[in-house]
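The values are calculated or read from the model by the stated rules, or taken from the named source; none is laboratory data. Here the structure is a predicted model, which means the values were calculated and not measured. A quick note on method: Cβ atoms are made from the backbone with ideal geometry, for glycine too, and the neighbour counts reach across all protein chains shown.
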Amino acid sequence: MDDELDALKKKKLEELQRQLAYQQAMEQQEEEKEKIDEERKKLLSLILTSEARSRLARIRMARSEYAEAIENQLIMLAQSGKIQQKITDQQLKELLAQLAQRKKDIRIRRSGL
(Lines give C-alpha, C1' and ligand atoms only; values in the text may rest on other atoms or scores of the structure.)
Protein backbone atom coordinates (compact mmCIF):
# COMPACT_ATOMS: atom_id res chain seq x y z
CA MET A 1 0.00 0.00 0.00
CA ASP A 2 2.86 2.34 0.79
CA ASP A 3 4.35 1.56 -2.62
CA GLU A 4 1.11 2.57 -4.32
CA LEU A 5 0.92 5.77 -2.28
CA ASP A 6 4.56 6.60 -3.07
CA ALA A 7 3.94 5.91 -6.76
CA LEU A 8 0.90 8.21 -6.75
CA LYS A 9 2.85 10.94 -4.96
CA LYS A 10 5.72 10.58 -7.41
CA LYS A 11 3.35 10.69 -10.38
CA LYS A 12 1.62 13.81 -9.02
CA LEU A 13 4.97 15.48 -8.35
CA GLU A 14 6.16 14.76 -11.90
CA GLU A 15 2.91 16.17 -13.29
CA LEU A 16 3.27 19.34 -11.23
CA GLN A 17 6.89 19.71 -12.36
CA ARG A 18 5.83 19.38 -16.02
CA GLN A 19 3.11 21.99 -15.52
CA LEU A 20 5.58 24.34 -13.86
CA ALA A 21 8.14 23.86 -16.64
CA TYR A 22 5.46 24.51 -19.27
CA GLN A 23 4.28 27.64 -17.47
CA GLN A 24 7.85 28.94 -17.17
CA ALA A 25 8.47 28.28 -20.87
CA MET A 26 5.30 30.18 -21.79
CA GLU A 27 6.28 33.12 -19.57
CA GLN A 28 9.76 33.20 -21.09
CA GLN A 29 8.29 33.10 -24.59
CA GLU A 30 5.94 35.97 -23.71
CA GLU A 31 8.85 38.02 -22.33
CA GLU A 32 10.87 37.42 -25.50
CA LYS A 33 7.90 38.49 -27.63
CA GLU A 34 7.50 41.68 -25.59
CA LYS A 35 11.23 42.37 -25.92
CA ILE A 36 11.06 41.94 -29.71
CA ASP A 37 8.00 44.21 -29.89
CA GLU A 38 9.80 46.90 -27.88
CA GLU A 39 12.82 46.64 -30.19
CA ARG A 40 10.54 46.99 -33.24
CA LYS A 41 8.92 50.08 -31.71
CA LYS A 42 12.34 51.63 -31.09
CA LEU A 43 13.45 50.96 -34.66
CA LEU A 44 10.21 52.33 -36.09
CA SER A 45 10.51 55.47 -33.97
CA LEU A 46 13.94 56.02 -35.54
CA ILE A 47 12.62 55.35 -39.06
CA LEU A 48 9.25 57.15 -39.04
CA THR A 49 8.04 60.60 -38.08
CA SER A 50 5.31 60.78 -35.46
CA GLU A 51 2.64 61.39 -38.12
CA ALA A 52 3.77 58.35 -40.10
CA ARG A 53 3.77 56.24 -36.92
CA SER A 54 0.21 57.40 -36.22
CA ARG A 55 -0.88 56.39 -39.72
CA LEU A 56 0.76 52.99 -39.30
CA ALA A 57 -0.99 52.55 -35.94
CA ARG A 58 -4.36 53.25 -37.59
CA ILE A 59 -3.55 50.74 -40.32
CA ARG A 60 -2.63 48.22 -37.63
CA MET A 61 -6.09 48.60 -36.08
CA ALA A 62 -7.77 47.79 -39.38
CA ARG A 63 -5.33 45.30 -40.91
CA SER A 64 -2.72 44.08 -38.46
CA GLU A 65 -1.03 41.61 -40.85
CA TYR A 66 -0.66 44.29 -43.51
CA ALA A 67 0.80 46.75 -40.99
CA GLU A 68 3.25 44.15 -39.76
CA ALA A 69 4.38 43.43 -43.32
CA ILE A 70 4.94 47.15 -43.89
CA GLU A 71 6.89 47.44 -40.63
CA ASN A 72 9.05 44.46 -41.59
CA GLN A 73 9.78 46.01 -44.96
CA LEU A 74 10.67 49.37 -43.41
CA ILE A 75 12.96 47.74 -40.85
CA MET A 76 14.74 45.72 -43.55
CA LEU A 77 15.24 48.87 -45.63
CA ALA A 78 16.65 50.71 -42.63
CA GLN A 79 18.97 47.86 -41.69
CA SER A 80 20.27 47.65 -45.24
CA GLY A 81 21.03 51.39 -45.17
CA LYS A 82 18.50 52.40 -47.83
CA ILE A 83 16.69 54.79 -45.50
CA GLN A 84 18.85 57.81 -44.76
CA GLN A 85 16.29 60.03 -43.02
CA LYS A 86 12.97 59.63 -41.25
CA ILE A 87 10.05 58.70 -43.46
CA THR A 88 7.33 61.33 -43.40
CA ASP A 89 3.61 60.71 -43.52
CA GLN A 90 3.52 61.71 -47.19
CA GLN A 91 6.33 59.30 -48.06
CA LEU A 92 4.53 56.53 -46.17
CA LYS A 93 1.35 57.29 -48.13
CA GLU A 94 3.30 56.98 -51.38
CA LEU A 95 4.83 53.69 -50.25
CA LEU A 96 1.40 52.36 -49.30
CA ALA A 97 0.00 53.43 -52.67
CA GLN A 98 2.82 51.59 -54.45
CA LEU A 99 2.22 48.46 -52.41
CA ALA A 100 -1.53 48.61 -53.04
CA GLN A 101 -0.96 49.06 -56.77
CA ARG A 102 1.36 46.05 -56.93
CA LYS A 103 -1.25 43.95 -55.24
CA LYS A 104 -3.97 45.03 -57.67
CA ASP A 105 -1.84 44.28 -60.74
CA ILE A 106 -1.92 40.53 -60.17
CA ARG A 107 -4.04 38.84 -62.83
CA ILE A 108 -4.75 35.20 -63.47
CA ARG A 109 -5.22 34.10 -67.05
CA ARG A 110 -6.94 30.89 -67.87
CA SER A 111 -6.25 29.21 -71.14
CA GLY A 112 -8.38 26.68 -72.93
CA LEU A 113 -11.75 27.93 -71.73
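Could you count how many residues in the stretch 65-103 are more than 16 Å from K42 (Cα to Cα) and either among the acidic types (D, E) or in contact (Cβ under 8 Å) with a residue 24 or more places away in the chain (or both)?
Total satisfying the criteria: 10.
Determine, yes or no, whether L16 is assigned to a helix (DSSP H, G or I), among the hydrophobic types (A, V, I, L, M, F, W, C) and either touching a Gly at 6+ places or on another chain (Cβ under 9 Å) or free of Cβ contacts under 8 Å to residues at least 40 places away in the same chain (or both).
Details: assigned to a helix (DSSP H, G or I): yes; among the hydrophobic types (A, V, I, L, M, F, W, C): yes; either touching a Gly at 6+ places or on another chain (Cβ under 9 Å) or free of Cβ contacts under 8 Å to residues at least 40 places away in the same chain (or both): yes.
Answer is yes for this residue.
Take the residues of the stretch 21-64 that are small (G, A, S) and free of Cβ contacts under 8 Å to residues at least 40 places away in the same chain: which is farthest from L99 (Cα to Cα)? Talk me through it step by step, then tell me what you get.
Our first condition is that a residue be small (G, A, S); within the stretch 21-64, this holds for 21, 25, 45, 50, 52, 54, 57, 62, 64.
Imposing the further condition that a residue be free of Cβ contacts under 8 Å to residues at least 40 places away in the same chain reduces the set to 21, 25, 45, 50, 54, 57, 62, 64.
Working: A21: 44, A25: 38, S45: 21, S50: 21, S54: 19, A57: 17, A62: 16, S64: 15 Å.
Checking each candidate, the answer is A21.
What is the number of the single condition among (1) at pLDDT below 90; (2) outside any loop (DSSP other than H, G, I, E, B); (3) surrounded by 13 or more Cβ atoms within 10 Å (Cβ to Cβ) that I83 does not meet?
Result: I83 fails condition (2) only.
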